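Structure record follows, encoded as structure tokens.
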Amino acid sequence: IEYYDGFGKLVSYKNNAELRTTYIGRFEYGNKAKFGVEQGNDYEYIGYWRAHLKNGYGYLRNIEYDQENYYIGTYKNNQKNGIGCFVIKDDTTSIGQYSKDCLVEGMRYNKIENIVYKGRFKEDAFVFGEVCFLNDGLIYYGEYKENYKNGFGYLTDMSGVVISQGKWEMDELILSIV
């Protein structure tokens, strides 16, 4: 078996040529490697590769379901991994540390709800930290689960005055601590 090393172009088709992918860049042992550009029907990736997988710094732009999004940051084995910024047009922006394609530590701004989440995330969902409700001018510090105040935390106004604190369930204060 001979493997191709060097610069080249690879065009592949799936589903009777409905899905086309074009890669232009470096190859090592027949695999995408080092720097290259790949374009498909609904995406474009510009960045680094190793053993046919996205590895290192890169830019991925997707156009799916009539919603454009992009990620610029580091990859490991085809997944967002390391520092990066993920933007979904007209929806959310997430900046921070990624692991296995999910935000684990950082900040997320939800443009639709006008809310900023800053802290820890688990499986891409916010679980602990600071939530700033920009429309109301309120800030919540504490535990979060499934987009609700859940666990111990406190709510302040923009000047830092504590409005309520204690244990929360599904956004309701169930045990007030004075």
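Quick look at the values:
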read-out: Over the chain: Kirkwood hydrodynamic radius from C-alpha pairwise inverse distances, Å; value: 18.7
read-out: Cα-based convex hull, the range 10-93, per residue volume (Å³, whole number); value: 85
read-out: For the range 15-36 versus the range 81-110, the gap between their alpha-carbon centres in whole angstrom; value: 27
read-out: Probe 1.4 Å, all protein chains present, accessible-area order of GLU169, GLU38, GLU64, largest first; value: GLU169, GLU64, GLU38
read-out: Accessible surface, per residue, of the range 62-177 when the full set of protein chains is kept, probe 1.4 Å, Å²; value: 59
read-out: Accessible surface of the range 1-119, 1.4 Å probe, proportion on carbon and sulfur as whole %; value: 51
read-out: Percent RCO, i.e. relative contact order, over the chain, from Cα pairs under 8 Å lying at least 6 residues apart; value: 8
read-out: Cross-link pairs LYS9/LYS34; LYS14/LYS111; LYS118/LYS149 - those with Cα-Cα distance over 25 Å; value: LYS14/LYS111
read-out: Accessible surface of MET158 - all protein chains present, 1.4 Å probe, nearest 10 Å²; value: 120
read-out: Ranking by accessible area, most exposed first, for SER99, SER164, SER94 with a 1.4 Å probe; value: SER99, SER164, SER94
read-out: Accessible area of ILE95 in the full protein assembly, 1.4 Å probe (Å², nearest 10); value: 80
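The values are calculated or read from the model by the stated rules, or taken from the named source; none is laboratory data. Keep in mind the model is a prediction, meaning the values are calculated, not measured. For the accessible areas, the whole protein counts, side chains as well, though only heavy atoms, and no ligand, DNA or RNA atoms are used. Shrake-Rupley method; radii C 1.70, N 1.55, O 1.52, S 1.80 Å.
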